[in-house]
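**Student:** This is the structure I have questions about; it appears just below.
The values are calculated or read from the model by the stated rules, or taken from the named source; none is laboratory data. Since the model is a prediction, treat every value here as computed from it, not as a measurement. Here the Cβ positions follow ideal geometry from the backbone for every residue, glycine too, while neighbour counts run over all protein chains shown. To get the accessible areas, we keep the full protein, side chains included, count just its heavy atoms, and leave off ligands, DNA and RNA. Shrake-Rupley method; radii C 1.70, N 1.55, O 1.52, S 1.80 Å.
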Amino acid sequence: MPRKKPFSVKQKKKQLQDKRERKRGLQDGLRSSSNSRSGSRERREEQTDTSDGESVTHQIRRLNQQPSQGLGPRVYDPNRYRLHFERDSREEVERRKRAAREQVLQPLSAEVLELDIREVYQPGSVLDFPRRPPWSYEMSKEQLMSQEERSFQEYLGKIHGAYTSEKLSYFEHNLETWRQLWRVLEMSDIVLLITDIRHPVVNFPPALYEYVTGELGLALVLVLNKVDLAPPALVVAWKHYFHQHYPQLHIVLFTSFPRDPRTPQDSGVLKKSRRRGRGWTRALGPEQLLRACEAITVGKVDLSSWREKIARDVAGATWGNGSGEEEEEEDGPVVLVEQQTDSAMEPAGPTREHYKDGVVTIGCVGFPNVGKSSLINGLVGRKVVSVSRTPGHTRYFQTYFLTPSVKLCDCPGLIFPSLLPRQLQVLAGIYPIAQIQEPYTAVGYLASRIPVQALLHLRHPEAEDPSAEHPWCAWDICEAWAEKRGYKTAKAARNDVYRAANSLLRLAVDGRLSLCFHPPGYNEQKEEQKRNHVNELQPGMSSVMKKSTNSLEILSGFLF
């Protein structure tokens, strides 16, 4: 009997991968190399991705690949709304890796944390967002789609013609996702722009403000979300900044996960409980949002049912048992959810009736990971929308009836073009961390602005004496964190620096490594704002945020 040919585990793995590729409709052998440490293979997506805008440029990286369910023309395409970002060149990725190994990190002054919105978006430039081109009822659906595609390609061409790829931030290149925004704006009577209080100017595109308040003539409510992650003085400073520069805004402070006043501030469970347990019934900010909507509608819609619902939620709010287990409320009030299909993307009328049938429609728009879905859950009082840290989790808009006269509309997160550093976009949770090809420069960006080494009690990898001072680079921080947490590679058992870098970035996105940016001039007026913050904050919000000092002071007690 002939001897059997050896068949390794590696060969078996490749065989299974090829089999999965054939099931997805790809030709055998077209799968590209998987040498990227991030695990994101550069597939031949143009054979499976049928979304519009794919012919704009060949340098587009499509994230969050989902297996196709078939090849027929009527089969639902799960990749229709996936994220489309510009691809980084291999040379640029290698250059950043070398810089992470060689560049010594120097702590920066507090003035570096001041962000001016004019430097991020440059109002009046081509850094706009794609508008829906004019149309008429005489146009067929195919003509309308073709016109929107041409307009979108011209929009991308203007931006890439004015700025180089190195200067531009990541922004959405998928036309299907922008169509979701168009539909939400057409449906809405009031638009909520949700931002993260740690960096609100990052999430506030002035072009959208001008479009909503000017061309559409709608009221825009700015929601400063996650206020439990920032010092109270900083919250007040950002509120004054937006009031000064954008007087037509209605500003609301919100948090879906307020801190339990009965829990000690130095408790290790404190920070984790922000995303665990029954937090929806005790969200802070719904009443302030109700008052803003009452001021906008001026009696045209009966919002008494919303006020009654808030009163019921406050009366029945509990702080949970602190076990960290999320409890499901099966007997809660029914929330009508309207599943949107392709028919919902059909053209709406050029003019529409506001507050139709006595119902106010509130559209929730914003960047990924600012808490749009969590805000809806906080308003409803229980979980009705799935949430995730991964950008692009909400794929298409859905509407929810909060009360018979209040309808909420959840829009997928959209990234507008800007001149923001890409490292800051990663730390803000805008770009999926699991898809990052080179996370080390983002770690260096973080460590040069907050003392990561001291907060995490890291020991330099090359230090023999722990008390001695050694220069740190981004790679050293990742290696030291991998050593501390026990992150090892599978075969050689070396420190897994890539996993450690991802872990550090997730700590920053979750707020456990708190990187908060300031409005211009904040450091000069800091002491005066500290004295005035109590009177500025909403009743009930102040008592929670008084305990919410900078999380840098309590991080060591949380992690260890």
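**Student:** For a quick check of your reading of the model, give me the residue pairs whose first member lies in region 95-106 and is over 13 Å from Pro439 (Cβ atoms), whose second is assigned to a helix (DSSP H, G or I) and open to solvent by less than 40 Å² (accessible area, probe 1.4 Å), with beta-carbon atoms closer than 6 Å and at least 6 apart or on different chains.
**Tutor:** Final answer for the pair search is Leu105/Gly444; Leu105/Ala447.
**Student:** Quick one: Leu192 ticks every box in (1) in contact with a Phe, Trp or Tyr (Cβ under 8 Å, 6 or more places away or on another chain); (2) open to solvent by less than 20 Å² (accessible area, probe 1.4 Å); (3) farther than 19 Å from Cys516 by Cα except a single one, so which number is it?
**Tutor:** (1)
**Student:** Follow-up. Being in contact with a Ser or Thr (Cβ under 8 Å, 6 or more places away or on another chain) and either more than 30 Å from Pro258 (Cβ to Cβ) or modelled with pLDDT of 90 or more (or both) is true for just one of Trp472, Trp481. Which residue is that?
**Tutor:** After ruling out the rest, the residue left standing is Trp481.
**Student:** Of all residues in region 120-150, which are surrounded by 13 or more Cβ atoms within 10 Å (Cβ to Cβ) and among the charged types (D, E, K, R)?
**Tutor:** Asp128, Arg131, Arg132, Glu148, Glu149
**Student:** Suppose we filter Glu176, Glu172 for residues that are at pLDDT below 90, under 21 Å from Phe204 (Cα atoms) and buried (at least 17 other Cβ atoms within 10 Å of the Cβ); which single one remains?
**Tutor:** Details: Glu176 fails: under 21 Å from Phe204 (Cα atoms).
Going through Glu176, Glu172 in turn, just one is at pLDDT below 90, under 21 Å from Phe204 (Cα atoms) and buried (at least 17 other Cβ atoms within 10 Å of the Cβ): Glu172.
**Student:** Out of all the residues in region 485-520, which are open to solvent by less than 20 Å² (accessible area, probe 1.4 Å), modelled with pLDDT of 90 or more and not in a helix (DSSP H, G or I)?
**Tutor:** Once the filter is applied, which keeps residues that are open to solvent by less than 20 Å² (accessible area, probe 1.4 Å), modelled with pLDDT of 90 or more and not in a helix (DSSP H, G or I), region 485-520 yields Asp496, Leu513, Leu515, Cys516, Phe517, Pro519.
**Student:** Can I ask one more? In a loop (DSSP other than H, G, I, E, B), within 25 Å of Ile450 (Cα to Cα) and touching a helix residue (DSSP H, G or I) at 6+ places or on another chain (Cβ under 9 Å): is that true of Pro107 in this structure?
**Tutor:** Considered against the rule, which asks whether it is in a loop (DSSP other than H, G, I, E, B), within 25 Å of Ile450 (Cα to Cα) and touching a helix residue (DSSP H, G or I) at 6+ places or on another chain (Cβ under 9 Å), Pro107 comes out as yes.
**Student:** Okay, next question. Report, by residue number, each residue of region 193-219 that is in contact with an Asp or Glu (Cβ under 8 Å, 6 or more places away or on another chain) and either part of a helix (DSSP H, G or I) or without any contact (Cβ under 8 Å) to a residue 12 or more places away in the chain (or both).
**Tutor:** If the condition is that a residue be in contact with an Asp or Glu (Cβ under 8 Å, 6 or more places away or on another chain) and either part of a helix (DSSP H, G or I) or without any contact (Cβ under 8 Å) to a residue 12 or more places away in the chain (or both), then Val201, Val202, Asn203, Ala207 are the ones that fit.
**Student:** Please go through (1) modelled with pLDDT of 85 or more; (2) surrounded by fewer than 23 Cβ atoms within 10 Å (Cβ to Cβ) for Lys372 and return the number of the only condition it doesn't satisfy.
**Tutor:** Looking at each condition in turn, Lys372 falls short on (2).
**Student:** Just to be sure, is Leu424 in contact with a helix residue (DSSP H, G or I) (Cβ under 8 Å, 6 or more places away or on another chain), modelled with pLDDT of 90 or more and part of a helix (DSSP H, G or I)?
**Tutor:** Answer is yes for this residue.
**Student:** Let me ask you something else. So Gln265 fits all but one of (1) at pLDDT 90 or above; (2) open to solvent by 40 Å² or more (accessible area, probe 1.4 Å); what number is the exception?
**Tutor:** (1)
**Student:** Report, by residue number, each residue of region 296-315 that is more than 29 Å from the chain's Cα centre (by Cα) and assigned to a helix (DSSP H, G or I).
**Tutor:** Selection gives Thr297, Ser304, Ser305, Arg307, Glu308, Ala311, Arg312, Ala315.
Condition check ((1) assigned to a helix (DSSP H, G or I); (2) modelled with pLDDT under 85; (3) among the small types (Gly, Ala, Ser); (4) open to solvent by 50 Å² or more (accessible area, probe 1.4 Å)) across all residues:
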site: Val56; (1), (2), (3), (4): no, yes, no, no
site: Phe85; (1), (2), (3), (4): no, yes, no, no
site: Val93; (1), (2), (3), (4): yes, no, no, no
site: Arg96; (1), (2), (3), (4): yes, no, no, no
site: Glu111; (1), (2), (3), (4): yes, no, no, yes
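**Student:** Have a look at Ala348, Ala317 and point out the one that is at pLDDT 50 or above and among the hydrophobic types (A, V, I, L, M, F, W, C).
**Tutor:** Ala317
**Student:** May I pose another question? Would you mind stating whether Tyr431 is open to solvent by less than 50 Å² (accessible area, probe 1.4 Å) and either more than 19 Å from the chain's Cα centre (by Cα) or at pLDDT below 90 (or both)?
**Tutor:** Yes: the conditions hold for Tyr431.
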